[in-house]
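Let me begin by presenting the structure, written as structure tokens, before commenting on it.
The values are calculated or read from the model by the stated rules, or taken from the named source; none is laboratory data. Keep in mind the model is a prediction, meaning the values are calculated, not measured. Backbone-built Cβ (ideal geometry, glycine too); neighbour counts: all protein chains shown. Ligands, DNA and RNA are excluded from the accessible area calculation, which covers all protein heavy atoms including side chains. Shrake-Rupley method; radii C 1.70, N 1.55, O 1.52, S 1.80 Å.
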Amino acid sequence: MISNQILQNTIDGLKNIAHVDLCVLDIDGKEVASTTNEIGNVSAVARDFVESPADSQEIQGYQYFKIYDEQQLEYLLICTGSGDNIYMLGKMIAYQIQSLLVAYKERFDKDNFIKNLLLDNLLLVDIYSRAKKLHIQSDAKRVAMIVECAGGRDSNILELTRTCVGSGTDFVTEVDEDNVIVVKDVSEMAKPYEIARSAEDILSSLEKEGLSGVRIAYGTVVGEIKEVSRSYKEAKMALDVGKIFFDERKVICYSELGIGRLIYQLPIPLCKMFIKEIFGGRNPDEFDQETLTTIDKFFENSLNVSETSRQLFIHRNTLVYRLDKLQKSTGLDLRVFDDAIAFKIALMVVRYMKYMERFT
């Protein structure tokens, strides 16, 4: 539950404070962490101490202490030296390590709870009873965020994200090998832009740590712990839809997906039928770059011919010629609102179909 490296770091720090060498053993007498190589092989002595009823004992000039986790013996602590001062230091150090075990166990239990909550693996009655037991507020406002890096989840991103988030009421976990999930307490955030800013802060912190291709997607705010899984599902959809229709954005919110969210939920056969109706037998990929640039700029300027021609540095009549040419090939006049809407949706559907082809 607690790694040997954490124990090693802990006793290294305690040694610097107490100025006494320490060694932590498992209940079989095997060394787990140590600040010295001078203790030697004490496995036999340690096993005898485990069998004894004493919680502490001075043996061969060293002080031995037992460390428990909920009445179960987990580790042995050896303090080099003897006497009352060493005994008192050892008792305090053993208590410190024991407290560390409790803290990590609680963190482990909370992490498991959040994972099962996100994956809908808990009954409603279990959600509230376990939340109460783990001292997790059940009616706080929360939002689920998904953090993704280029090339999959880096081995260090989980701890880096935990460092970036920092709040004791937030949870950072993982449910697969690709992404890290942040369940963020937003009770103190009154405006949507504050949530967006917190996501951007996480993004900025991770990029400063050298991570590339970081994207963050988040769902809507929920007021009950049972609804966290819904926010997580929304964040997953936002991540996918963002890649398709908002590729330039590094932070994307579920509520900002617009029509892209509807298109994402369309079955592929229906998409193919729609594209055939709009473009006939023609493939939109056949449009040359000049035509595609014209279309994008025309939509960007809300179908304004004068502004579009100005930004494209072409004569107004040249733009009209291009639009007429497009109308002849597709039957759609982009200057007519209904035709423009149909064309815009069709292009988005094509992008969606191309994206989905990668997974088939």
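Things to note:
- The stretch 251-260 - residue that is without any contact (Cβ under 8 Å) to a residue 60 or more places away in the chain and out of contact with any helix residue (DSSP H, G or I) (no Cβ under 6 Å at 6 or more places or on another chain) and, of those, least open to solvent (accessible area, probe 1.4 Å): GLY258
- One residue stands out in the stretch 328-341 among those that are under 16 Å from ILE278 (Cβ atoms) and either aromatic (Phe, Trp, Tyr) or modelled with pLDDT of 90 or more (or both): the one that is most open to solvent (accessible area, probe 1.4 Å), namely PHE337.
- Some residue of the stretch 90-100 being surrounded by fewer than 17 Cβ atoms within 10 Å (Cβ to Cβ) and closer than 30 Å to ILE181 by Cβ: yes
- Any chance GLU177 is of a type outside the set (Gly, Ala, Ser) and at pLDDT below 90: yes
- Members of the stretch 1-40 found to be open to solvent by 80 Å² or more (accessible area, probe 1.4 Å), without any contact (Cβ under 8 Å) to a residue 60 or more places away in the chain and assigned to a loop (DSSP other than H, G, I, E, B), listed by number: HIS19, ASP28, LYS30, ASN37, GLU38
- Candidates in the stretch 50-89 are the residues that are of a type in the set (D, E, K, R) and over 15 Å from LEU7 (Cβ atoms); of these, the one that is most open to solvent (accessible area, probe 1.4 Å) is GLU51.
- Residue check for SER205: at pLDDT 95 or above and surrounded by 15 or more Cβ atoms within 10 Å (Cβ to Cβ): no
- The C-beta contact set for the stretch 119-130 (first residue without any contact (Cβ under 8 Å) to a residue 60 or more places away in the chain, second residue in a helix (DSSP H, G or I), distance under 7 angstrom, 6+ apart or interchain) comprises LEU122/ASN116; ARG130/PHE113.
- Qualifying residue in the stretch 147-157 (condition: touching a Lys or Arg at 6+ places or on another chain (Cβ under 7 Å) and either surrounded by 12 or more Cβ atoms within 10 Å (Cβ to Cβ) or under 30 Å from GLN71 (Cβ atoms) (or both)): yes
- Unique residue being surrounded by 14 or more Cβ atoms within 10 Å (Cβ to Cβ) and more than 30 Å from ALA342 (Cα to Cα) when the list is VAL241, VAL214: VAL214
- Within the stretch 93-116, the residues that satisfy the criterion of being under 17 Å from ASN16 (Cα atoms) and in contact (Cβ under 8 Å) with a residue 60 or more places away in the chain are ILE93, GLN96, ILE97.
- Top-ranked residue in the stretch 29-64 [being of a type in the set (D, E, K, R) and modelled with pLDDT of 90 or more; ranked as farthest from the chain's Cα centre (by Cα)]: GLU58
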